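The values are calculated or read from the model by the stated rules, or taken from the named source; none is laboratory data. Small disclaimer: the values here were computed from a predicted structure and weren't measured. Counting neighbours? That spans all protein chains shown, and the Cβs are built from the backbone with ideal geometry, glycine included. Only protein heavy atoms, including side chains, enter the accessible area calculation; ligands, DNA and RNA are left aside. Shrake-Rupley method; radii C 1.70, N 1.55, O 1.52, S 1.80 Å.
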Amino acid sequence: MTESTQTTGHLQPDEINAFVDGELSVPGAETVQQHLNDCHACALRVLAASQLKTAVARAGQRFVSSPETLALLAAQLRQPAPAPSGLNPPPPLAPQHSARIVPTRRASAAFIAAGAAIAAALLIAVSLFTWSQFHQANTLAAELLDQHLAMLSGGAVPQVVSTDRHTVKPWFQGRLPFSFNLPDADALPPDTTLRGADLVFLERQPAALLIFTIHKHEVSVFVTQNAGEFRIAPRAARSGFAIRSATAAELRLTAVSDVNPADLDALVNSLVRVQ
Amino acid sequence: MPSPDPSASPRSGASFELLALPLLPALLSHACWLCQNHSEAEDLVQETISKSLRAFDSFEPGTNFKAWVFRVLRNTFLTSRTGIAASRTVFLEDHPDLLETTSDSTTPEDHLIRLDNQAAVHSALDQLQPALREVLLLCDVEELRYKEIAAILDVPIGTVMSRISRARRALQQLLQSQFRESL
């Protein structure tokens, strides 16, 4: 026990804290325990400190993250760290000319069988690839529509509510690994207004969600990096909503709305022009 | 000489994932307390993961990974706009003359009664000075040792002890004033 404890006859606050936090050495904890056996006032203080600690531990866990957020972060953990230069995979080999082989009759039958097998495997691979592309595009279209409907529901207020492009664009600084331009209000198609923006994730990649209105229709425009895996048809429709996608300066702009598709094209074109 | 297989290395992305994955809820929760904003907290944790992965080579095996990654989280927070504003807090232990004397007139029984009220504890925790709340959360919620908290906050262990002491006293005083108001 400390000198001051010996003077006052009671435990000091630091000692009580160290005791309830399990920070005292074994002999130190034994000495405190011995004192608590004889001192009712200190025993009550230690009990109060322990209960306060438990209450803080309980209250401190009030922020519970959604499974979606945790899944996104877990996916980020799984991304491979940038490989050192020495570990880069070798470049694909250039096609090499091989010596011409003249097959014998027996060997030619074997070659025909092997050729058929290769053709079948190739067909399966192409089919799988096409299906995978279609499936991926379909999934992405569904994800885009979900995000647009969530925005329409009004449950999710955009983080930036502004019609000013000089407010909306800077908000994304430090939030996105890329930058994009926004046209002046005058350069937008008639009766088209920027309303705000938000940061969203599409296929686990960060994206800028720009919210416009055309006449009285809401439009979501997703700006992403034009990565190879982001595949969607330039013109698509899903559940009565039109989807338009275009690329510009390493960016992909994808718009979703129930507005007249020609108006949607005009908005996408105005955005493409300023990139 | 053949290049080492990165996946076989104890410092590989796979081992980072194994260590970091169970800590994601705690990192997010602590980030929410620091930023007081869910969206900013998620950004903060993303950046923390990214920085930690890049700096994983500097992590000493055998030491506490949780304390290490929480330190990265805090340093990342301090360089954010919210963090810069928060870091302007003056720590009273650096100014002993400003430290109030203990004038706690409550009895331990009073504290026991008030702790039953979770809403009161939540409110008191919200009102606590951020630097004091931070140390208390690292100690009581994250169950880190004083030594580890000192490393995260980059302060001497004595400062951790004095902050914990002040934090608990302040929390008790806040609970006491709430109790008086409710009478």
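Some observations on this one:
- Accessible surface of A:Ile16 - all protein chains present, 1.4 Å probe, nearest 10 Å²: 10 Å²
- Rounded to the nearest 10 square angstrom, B:Phe56 shows an accessible area of 10 square angstrom against a 1.4 Å probe.
- Local electrostatic count, A:Leu264, Cβ distance below 10 Å [Lys/Arg +1, Asp/Glu -1]: -1
- The eigenvalues of the Cα gyration tensor, multiplied by 5 and square-rooted, give the stretch A:154-275 an equivalent ellipsoid with semi-axes of 19, 18, 14 Å from largest to smallest.
- FRET efficiency for A:Lys216 and B:Gln36, using Cβ-Cβ distance with R0 set to 45 Å, rounded to 0.05: 0.80
- At an R0 of 25 angstrom, the distance between the Cβ atoms of A:Leu149 and A:Asn181 translates into a FRET efficiency of 0.35.
- Simple spin-label estimate for B:Phe179 and A:Ser66 in nanometres, 7 Å along Cα-Cβ: 4.0 nm
- A:Thr31 exposes around 50 Å² of accessible area when a 1.4 Å probe is run over every protein chain in place.
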